[in-house]
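Since every read-out is calculated from the coordinates, none of them should be taken as a lab result. For clarity, every value in this text was computed on a predicted model and none was experimentally measured. Here the Cβ positions follow ideal geometry from the backbone for every residue, glycine too, while neighbour counts run over all protein chains shown.
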Amino acid sequence: MARKELLHVLRDPTTLFVALFIPVLQLVLLGYAIDTNVRHIRTAVLDEARTQESRALVRSFENTGDFDVAVLAADEEELHRALVSGRARVGIRIPEDWSRRLLSGDPAPFLLLVDGSESAVAGQALGTANAVALRESLARLLGDRPLPVEVRPRVLFNPDTRSANFFVPGLMVVLTQIMAVMLTATSVVREKEQGTLEQLAMTPARPGEIVAGKAIPYLFLAVGEFCAIAAIMVGVFRVPIHGSFGTLLLVALPFVTAMLAVGLLVSTLAATREGAMQMAMGTVIPSIFLSGYVFPLDSMPAPFRALGYCLPTTWLIDASRGVILRGAGWAELWPNAAVLSGMAALVLLLAALRFPRSAA
Amino acid sequence: MTPALEARGATVRFGRFTAVDGASLSVGRGEVFGLLGPNGSGKTTLIRALCGLVPLAAGEASVLGEDARRRPERIRQSIGYMSQKFSLYPDLTAGENMEFYAGIYGLGPAEARERREELEALVGLGPYADRRAGRLSGGWKQRLALACALLHRPRLVFLDEPTAGIDPVARREVWNLLFRLSADGITLFVTTHYMDEAERCDRLGYIYMGRMLALGRPADLRALPGVTPPGTRRIKVKGEDASALLASIRGRPGVREATIYGQSLRALVDEGVGPADLGLDPSRVRPAEADIEDAFISLSRAEEARRAAERAP
Ligand SMILES: Nc1ncnc2c1ncn2[C@@H]1O[C@H](COP(=O)(O)OP(=O)(O)OP(=O)(O)O)[C@@H](O)[C@H]1O
Ligand SMILES: [Mg+2]
């Protein structure tokens with residue numbers, strides 16, 4: 001049974017493609033595209049002061065790395081047009097008397113225009129601009145004396161707070177999930193469509209044997225995929241694995257089992273391969289949004305957070321980040337493994353209860 | 001000796017719909033039993049119920065001495081099943097399909113190889129063993145399916161429309177194969193829509209809207225009293241243009257039924273009605289025997305009438 005299933009996979013180029021290539025492609029696309037760290041915000045500058053000080057201010061904005069001066073506006077109208085057209089997300093207007101006020105010790109306001117349509121960009125722009133202004137002010141007030149209070153931030157575990165480090169360990173889990181659910185569901189439904197499931201039902205093979213025969217090759221395939229994605233993560237995205245990958249695999253095993261069982265469950269409900277495909281995606285989408293893969297669980301309203309903790313994906317993503325970024329080991333992760341094993345057992349039971357009935 | 005297969009009052013329901021309604025039948029060992037009936041009459045469902053694949057709502061059934069309700073696994077170990085729709089793996093080769101089923105039936109490697117060779121020789125599949133099953137032509141697909149159903153030396157084989165959609169030569173070859181199996185003592189339970197195949201069976205059953213209307217040898221069914229009712233006779237008319245003949249006699253008083261058979265026309269007419277009454281040349285008119293199709297049509301009509309009468313009051 002298992003050998004036959006493997007032959008199916010090899011003989012069916014579309015399945016193989018879906019199974020191996022698409023996740024890798026997604027990984028590369030998403031891995032590069034998802035970058036919530038906002039950098040290089042296009043900025044338009046209208047410098048009416050045209051003094052040494054005003055140029056220094058613009059430079060200190062650029063030096064943060066968050067702002068790129070894209071437009072040098074000649075007048076107010078041009079500044080506005082740059083923002084409206086989207087050529088710039090942020091506008092800086094330094095008034096004519098700015099240097100004079102600054103040097104005479106009067107408050108020296110300059111105007112910061114922020115395009116609020118992308119909240120992440122706006123937030124970052126405001127934060128950085130305030131920091132720049134504050135630093136400039138302090139420098140003026142304190143001169144060469146050291147700062148009275150200083151924050152020395154040190155971000156642990158993901159030192160340069162790269163998004164890739166945050167996303168790729170989660171992506172790895174989500175892609176493995178998609179593939180495990182999708183492959184099992186379509187493989188069983190294909191047998192339904194072809195009528196081969198009925199033929200099998202007429203043989204002495206028990207439903208349990210049929211299911212095991214189907215699940216084993218897909219289990220290997222899914223685990224293999226998990227490893228492949230990890231390899232790409234290290235090789236292409238340069239996300240180092242701080243903990244032991246073996247430990248992570250141990251936690252991933254019950255997860256993959258649960259996902260295969262979900263696929264099986266889907267196959268008992270769907271009549272066609274398209275239906276199965278859609279239903280499988282339907283199970284994946286909540287996992288993407290509620291598992292902490294995209295949005296941190298801690299910032300979710302309580303009911304959603306509770307829901308998130310009911311999803312196996314949440315637990316493996318947590319473990320995956322734990323091992324890869326924080327170097328967590330078995331001592332920290334056994335609860336994840338235990339929860340996932342429990343979930344796997346539950347879904348398997350459900351699938352086993354439904355499967356024989358749907359085969360008839 | 002117990003019969004190979006027996007059912008008493010077997011009833012299968014899907015929700016409120018009754019697909020098989022109190023069917024009783026018995027098939028002797030080594031017999032070729034043919035089950036006929038219109039589309040949707042419940043043939044496939046009856047087979048599935050006999051194998052314990054769908055539960056019986058009422059009645060009982062046993063196959064090879066095993067109760068279909070309690071021991072379906074035992075039954076499945078000793079029967080072969082060839083489904084109506086081709087249901088092997090199209091992406092595996094013929095040989096791989098056979099290997100797979102040999103594994104499923106728990107044959108050891110040596111036995112599997114031996115059976116495979118025997119069956120490939122029996123059905124003549126040798127040259128096609130490495131061809132993907134999905135690319136075989138209809139006749140070869142059926143032969144492959146039959147070979148797969150025979151791997152574990154079943155004592156009874158269910159064949160659900162084994163010859164549907166294949167050419168007459170392949171059809172004959174499949175039947176020759178079936179007779180060879182039958183000669184080896186294997187009981188065959190065949191469904192078909194072909195009357196010539198029905199004639200080849202030892203015994204027949206006719207199922208209509210889930211009810212088993214008649215059981216018996218082909219000759220018995222042709223001779224059923226309802227087929228050529230008292231006071232009527234069957235005639236055969238030869239003519240150049242059978243369809244013109246049909247149009248001319250249909251609806252005349254005394255004509256009960258009329259259909260075309262190739263170049264000739266067959267009709268059921270009242271006893272007193274002669275060629276002259278039908279405007280026919282007497283030299284062209286011959287008396288005719290009822291055939292199996294006539295038998296089935298009159299059985300269906302009678303059942304239809306019975307149901308209508310049941311609904312009326
Ligand atoms: N699983 C099912 N659920 C509901 N109804 C069903 C199911 N299987 C079969 N039926 C219905 O039962 C009736 C009998 O179907 P069955 O397939 O046994 O007919 P059949 O005699 O084999 O017809 P055919 O000659 O077309 O193969 C049909 O009306 C069919 O729609
Ligand atoms: Mg049928």
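By the rule of a C-alpha distance below 21 Å, with chain neighbours fewer than 8 residues away ignored, the lysines paired with B:LYS43 are A:LYS192, B:LYS85.
Near B:ALA57, the amide H atoms lying under 5 Å from its own belong to B:THR11, B:VAL12, B:ARG13; only residues 5 or more places off or on other chains count, and H is placed 1.01 Å from N.
A simple count of charges around A:LEU297, restricted to other residues whose Cβ falls under 11 Å of its Cβ and scoring Lys, Arg +1 and Asp, Glu -1, yields -1. A Cβ-based charge dipole, computed about the Cα centre of the stretch A:41-142 with Lys and Arg at +1 and Asp and Glu at -1, lands at about 260 debye. With a Förster radius of 35 Å applied to the beta-carbon distance between B:TYR261 and A:ALA271, the computed FRET efficiency rounds to 0.25. Stokes-Einstein diffusion coefficient for the stretch B:1-133 at 20 °C in a medium of 1.002 mPa s, Rh from the Kirkwood formula over Cα pairs: what value in µm²/s? Once the numbers are plugged in, D ends up at 128 µm²/s.
Calculate the FRET efficiency for A:GLU136 and A:GLU76 from the Cβ-Cβ distance with a Förster distance of 25 Å, rounded to the nearest 0.05. Could the numbers behind the result be given before it?
Details: r = 23 Å, r/R0 = 0.93.
Computed FRET efficiency for A:GLU136 and A:GLU76 comes out at 0.60.
Less than 5 angstrom separates the built amide H of A:GLY327 from those of A:HIS242, A:GLY243, all sequence-distant by 5 or more or on a different chain.
Sorting B:CYS148, A:CYS310, B:CYS51 by the number of Cβ atoms found within 10 Å of their own Cβ, with the fewest placed first, yields A:CYS310, B:CYS51, B:CYS148.
Each 5 Å bin from zero holds the following percent of Cα-Cα pairs in the stretch A:216-305: 3, 11, 14, 17, 21, 17, 11, 4, 1.
The reciprocal of the average 1/r between distinct C-alpha atoms defines the Kirkwood hydrodynamic radius, which for the stretch B:179-258 equals 16.0 Å.
Summing -39500 (n - 2.57) over the DSSP H runs of n ≥ 4 in the protein assembly as shown and dividing by its residue number, what mean residue ellipticity at 222 nm do you reach, to the nearest 500 deg cm²/dmol? Write out the running numbers ahead of the final one.
Numbers: 26 runs with 355 residues, N = 673.
Helices in the protein assembly as shown give a 222 nm mean residue ellipticity of -17000 deg cm²/dmol.
Restricted to Cα atoms, the stretch A:41-142 shows a radius of gyration and a Dmax of 13.1, 41 angstrom.
Evaluating 6.51 cos²θ - 1.76 cosθ + 1.60 at θ = phi - 60° for every residue in the stretch A:205-219, the Karplus couplings come out as 4, 7, x, x, 5, 4, 5, 4, x, 6, 6, 4, x, 6, 4 Hz, glycine and proline recorded as x. Measuring between their Cα centroids, the stretch B:55-111 and the stretch B:245-290 lie 49 Å from each other.
Note on chain B: dipole from Cβ charges, positive end direction compared against B:LEU146, B:PHE33, B:GLY65; the farthest Cα belongs to B:GLY65. Look at the stretch B:82-90: the mean tally of other chain Cβ atoms within 10 Å of its residues' Cβ atoms is 5. Scanning residues 5 or more positions from B:ARG256 or on other chains, those with amide H under 5 Å from its amide H are B:LEU268, B:VAL269, B:ASP270, with H placed 1.01 Å from N in the peptide plane. Extents of the protein assembly as shown, taken as max minus min of Cα coordinates on every principal axis and listed largest first, are 133, 61, 55 Å. Per-residue 3J(HN,Hα) values for the stretch B:199-205, derived from phi via the Karplus relation 6.51 cos²θ - 1.76 cosθ + 1.60 with θ = phi - 60°, read 4, 7, 7, 5, 9, 10, x Hz in sequence order (x marks Gly and Pro).
Per residue, the convex hull spanned by the Cα atoms of chain B measures out at 167 cubic angstrom.
Once C-alpha pairs closer than 8 Å and six or more residues apart are averaged by separation and normalised to the residue number of the stretch A:41-142, the relative contact order reads 31 percent.
Charges were assigned to the Cβ only: +1 to each Lys and Arg, -1 to each Asp and Glu. The resulting dipole of the protein assembly as shown about its Cα centre is roughly 1400 debye.
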